[in-house]
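This report refers to the structure that appears directly beneath it.
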Amino acid sequence: MDKTDISDEEAARHRAKMARRKQVQDAEVAGKTVEKGLLIVNTGPGKGKTTAAFGLALRMLGHGRRVGVVQFIKGAWSTGERDAFAAFGDRVSWHTMGEGFTWETQDLKRDVAAAEAAWEKALELMADPSIGLVVLDELNIALRYDYLDIDKVVAALAHRRAGLHVVVTGRNAKPALVEAADLVTEMGSTKHHFSTGVKAQQGIEF
């Protein structure tokens, strides 16, 4: 059927259907009255966990709020997102504290010390009342390898100051963190270009 050739009867049915749907949607929205800082976890084997977190950071900046970022695993190599957020000046407090992936450092003590330093920086940012969102990039990986005490981390996140949003990224989120979170997104991997030999590319992976 030609979608531009819609009869008056079809248009009327559609209008009535959308009116009923609007009533339901409006009622559902009206029933949501709680406003709070959210603990958000982006996990799973699929690509896009950190990308999604930085999308929220950009949204927060668009509303005039400051953002804090702590990268727990990534080393000091240049990335497009870090360079882009640098343009916001002191509205973004960015801290790349990792030493690189554990198979690169091959030094457990060094990895643990880096994770502990990153966590102290995270606590500092979470205590800063001028910051509306803190991104804890790949904290899940530090927790997975037991570089940090999961109970202490979850307790600190659960008792963060009111109104602060925190996003935690990384695969294999621990059950205790998932339980404490307000929003958990499990990103699946239906298809990935790495499996066909495509290398990490500027603007896509970094």
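The values are calculated or read from the model by the stated rules, or taken from the named source; none is laboratory data. Everything numeric in this text was worked out from a predicted model, so none of it was measured. Virtual Cβ from ideal backbone geometry, glycine too; neighbours counted across all protein chains shown. The area values use the complete protein model at the heavy-atom level, side chains included, leaving out ligands, DNA and RNA. Shrake-Rupley method; radii C 1.70, N 1.55, O 1.52, S 1.80 Å.
Residues to consider are Gly75, Gly46, Gly64; find the one that is part of a loop (DSSP other than H, G, I, E, B), closer than 20 Å to Leu177 by Cβ and not aliphatic (A, V, I, L, M).
Criteria check complete, one pass: Gly46.
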Legend entry - Of the criteria (1) over 24 Å from Trp77 (Cα atoms); (2) within 16 Å of the chain's Cα centre (by Cα), which one Pro129 fails: (2)
Legend entry - In the stretch 192-204, the residues that are open to solvent by less than 90 Å² (accessible area, probe 1.4 Å) and free of Cβ contacts under 8 Å to residues at least 24 places away in the same chain: His193, Gly197, Val198, Ala200, Gln201
Legend entry - Lys47, sole failed condition from (1) open to solvent by less than 50 Å² (accessible area, probe 1.4 Å); (2) touching a residue at least 24 places away in the same chain (Cβ under 8 Å): (1)
